[in-house]
């Protein structure tokens, strides 16, 4: 490859990365504005004032675009987990703090939380390697945390950490969606706050793993 060919290839790659990043950032902005349920590629196109075909030149589907935005959302959630673990005393209370941080994240970044839940649907498909990597990192963090709690004598030795990870993820997402949809009813009929109920769920779940 000649120098001119190398430079041409390098410039092409730089342009591709810039355009993809531009589309991802625009998609993020649209998501924050309208939410995942009203998110469309047409709105991204309108935001950027580009041809619709330009988006599909770099992404195969709407799910692929959203997966890239979700990568940022998952990395932020992982940081919430890490900060909670680092700032909490060892033992079951540390696990409770980590799970509760997902609730605080859902309040602080509601649009990202909605996106994460949306991408859990069965028909979601993506080739995004960054999304797969971010999803794996979140799971591995919690699995490693459970294993550490077991080895340090806080949790039952026969716990399957992988199984606990999926059970926690599934139930936690479900509980938070329920609390959001029923918050007015719970407050009016029973004078119960979402955070109070979330704490109760976390206590039951973590105490069931503890020795």
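Only the coordinates and a few stated rules stand behind these numbers; no lab work does. All figures in this text were calculated on a predicted structure; none of them were measured in a lab. Glycine gets a Cβ as well: all are built from the backbone with ideal geometry, and neighbour counts include every protein chain shown.
Observations on the model:
- Calculated FRET value between residue 86 and residue 169, using beta carbons and R₀ = 30 Å, to 0.05: 0.90
- Maximal additional length on extending the residue 37-residue 12 stretch stands at 5.6 nm, based on 0.36 nm per residue less the C-alpha distance.
- Mean-position separation - Cα centroids, segment 105-166 and segment 37-102, in angstrom: 13
- Rounded tilt (10° steps) of 161-181 against the dominant C-alpha axis of the chain: 90
- Seen against the Cα atoms of the chain and their longest principal axis, helix 194-209 is set at about 70 degrees.
- Most mobile listed residue (118, 188, 105) in the chain, GNM with C-alpha springs under 10 Å: 188
- Cα long-axis angle, helix 62-86 against the chain (0 to 90 degrees, to the nearest 10): 40
- Label separation (residue 181 vs residue 62): 2.0 nm, computed from points 7 Å beyond Cα along the C-beta direction.
- Cα gyration tensor shape of segment 156-211, rounded if a/c is under 1.5, else prolate or oblate by comparing a/b with b/c: oblate
- Cα→Cβ-extended label distance, 7 Å offset, between residue 22 and residue 137, nm: 2.6
- Length gained when the stretch residue 196-residue 47 is fully extended (0.36 nm per residue, less Cα-Cα span): 49.7 nm
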